[in-house]
Amino acid sequence: MANAITRQIPNTLTCCNLISGCIASYNAFFGLFETAFLFIAIGAVFDFFDGMSARLLGVSSPIGKELDSLADDVTFGVAPSAMLYTLLASASWPATLQPLSGVLPFAAFVMAAFSALRLAKFNLDERQSSSFIGLPTPANTLFWAALIVGAGDSLASSAAGIAATMALMLVCCWLLVAEIPMFALKFKTWGWRGNEIKYIFVATSAAIIAVLGVPGVAAAIAWYVALSAIANRRARH
């Protein structure tokens, strides 16, 4: 009986991630961005512990892997796309694009499709056991959730802000599936050697978030991408 219960712990945590993503999406459609951000963060916590519990308990399974991808695409694909859609739907579109203002916000869901593609590639790519190839979906989601909560009004109030938002979405879609190595916060040892970039990122990100607050989360994700690029360039030389 105990073993049967133990085997279900990771999947239960994954389902909690899925439920969190559904609640986040619901709040996003009503423009309750802070609440959506909260449930995305809660989903991220469940996502972290479901994999950890599966490894610690030795109960990893094919169904758990598939369920995890489904939950992740809701929390880290649909939810941020819903936030972006709602933001764009309420934006002050320029006169030239006003006739398309009812259609263009749906472009936000392209990000959900690219997130699903990123997750599918991750499941099949054996190179990503200790690092990532492309931007991880949780990082992309935290970037957008923090950006919309912290600067959404500014982005949606001008033609330049809307254009920048749409362009940034396309860049993020590309980063999700790009063949760009990015480090993971996975520690085999706790020493400095071999973990330099991870400790630098954690320390600097904590400082950025402490100074900027919620928008600092978006800045920290941007710094993560930049730091990964710096590390890749150094590794090639």
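The values are calculated or read from the model by the stated rules, or taken from the named source; none is laboratory data. Predicted, not measured: the structure shown is a model, and the values here were computed from it. Cβ coordinates were reconstructed from backbone atoms using ideal geometry, including for glycine residues, and neighbour counts include every protein chain displayed. The accessibility values were calculated without ligands, DNA or RNA, using every heavy atom of the protein model including side chains. Shrake-Rupley method; radii C 1.70, N 1.55, O 1.52, S 1.80 Å.
Every condition in (1) open to solvent by less than 70 Å² (accessible area, probe 1.4 Å); (2) touching a residue at least 24 places away in the same chain (Cβ under 8 Å); (3) out of contact with any Gly (no Cβ under 7 Å at 6 or more places or on another chain) holds for K186 except the one numbered (1).
Scan the stretch 53-68 and give yes if some residue there is in contact with a Gly (Cβ under 8 Å, 6 or more places away or on another chain), more than 27 Å from A167 (Cβ to Cβ), open to solvent by 30 Å² or more (accessible area, probe 1.4 Å) and part of a helix (DSSP H, G or I), otherwise no. Walk me through it before giving the result.
Taking the stretch 53-68 first, the residues in contact with a Gly (Cβ under 8 Å, 6 or more places away or on another chain) are 54, 68.
From the residues that got through so far, the ones that are more than 27 Å from A167 (Cβ to Cβ) too are 54, 68.
This time we only want the ones that are open to solvent by 30 Å² or more (accessible area, probe 1.4 Å), so: 68.
Filter once more, keeping what is part of a helix (DSSP H, G or I): 68.
Looking through the stretch 53-68, at least one residue is in contact with a Gly (Cβ under 8 Å, 6 or more places away or on another chain), more than 27 Å from A167 (Cβ to Cβ), open to solvent by 30 Å² or more (accessible area, probe 1.4 Å) and part of a helix (DSSP H, G or I).
Take the stretch 112-162 and flag every residue that is part of a loop (DSSP other than H, G, I, E, B), in contact (Cβ under 8 Å) with a residue 12 or more places away in the chain and of a type in the set (S, T, Y). First the steps, then the outcome.
Step one: of the stretch 112-162, the residues part of a loop (DSSP other than H, G, I, E, B) are 125, 129-130, 134-136, 157-158.
Still in the running and in contact (Cβ under 8 Å) with a residue 12 or more places away in the chain: 130, 134-136, 157-158.
If the condition is that a residue be part of a loop (DSSP other than H, G, I, E, B), in contact (Cβ under 8 Å) with a residue 12 or more places away in the chain and of a type in the set (S, T, Y), then S130, S157, S158 are the ones that fit.
In the stretch 83-103, which residues are hydrophobic (A, V, I, L, M, F, W, C), under 24 Å from T35 (Cβ atoms) and surrounded by fewer than 21 Cβ atoms within 10 Å (Cβ to Cβ)? Before you say what the answer is, go through the steps one by one.
Start the filter on the stretch 83-103 by keeping residues that are hydrophobic (A, V, I, L, M, F, W, C), which leaves 83-84, 87-89, 91, 93, 95, 97, 100, 103.
With the extra rule that they be under 24 Å from T35 (Cβ atoms), the set shrinks to 83-84, 87-89, 91.
Selection gives A89 alone.
Restricting attention to the stretch 135-157, which residues are among the small types (G, A, S), buried (at least 17 other Cβ atoms within 10 Å of the Cβ) and within 18 Å of the chain's Cα centre (by Cα)? A139, A145, A146, G150, G152, listed by residue number. Put simply, of F132, F114, F106 the only residue that is under 16 Å from the mean Cα position of the chain (by Cα) and open to solvent by 50 Å² or more (accessible area, probe 1.4 Å) is F114.
Of note, T165 does not satisfy the criterion of being in contact with a Ser or Thr (Cβ under 7 Å, 6 or more places away or on another chain), in contact (Cβ under 8 Å) with a residue 60 or more places away in the chain and of a type in the set (S, T, N, Q). Looking only at residues of the stretch 189-228 that are assigned to a helix (DSSP H, G or I) and modelled with pLDDT under 90, we find that the one that is most open to solvent (accessible area, probe 1.4 Å) is E196. Scanning the stretch 158-183 for residues that are surrounded by fewer than 17 Cβ atoms within 10 Å (Cβ to Cβ) and of a type in the set (S, T, N, Q) yields a total of 1.
Only one of the numbered conditions (1) farther than 20 Å from N140 by Cβ; (2) β-branched (V, I, T); (3) surrounded by 17 or more Cβ atoms within 10 Å (Cβ to Cβ) is not met by T12, and that is (3).
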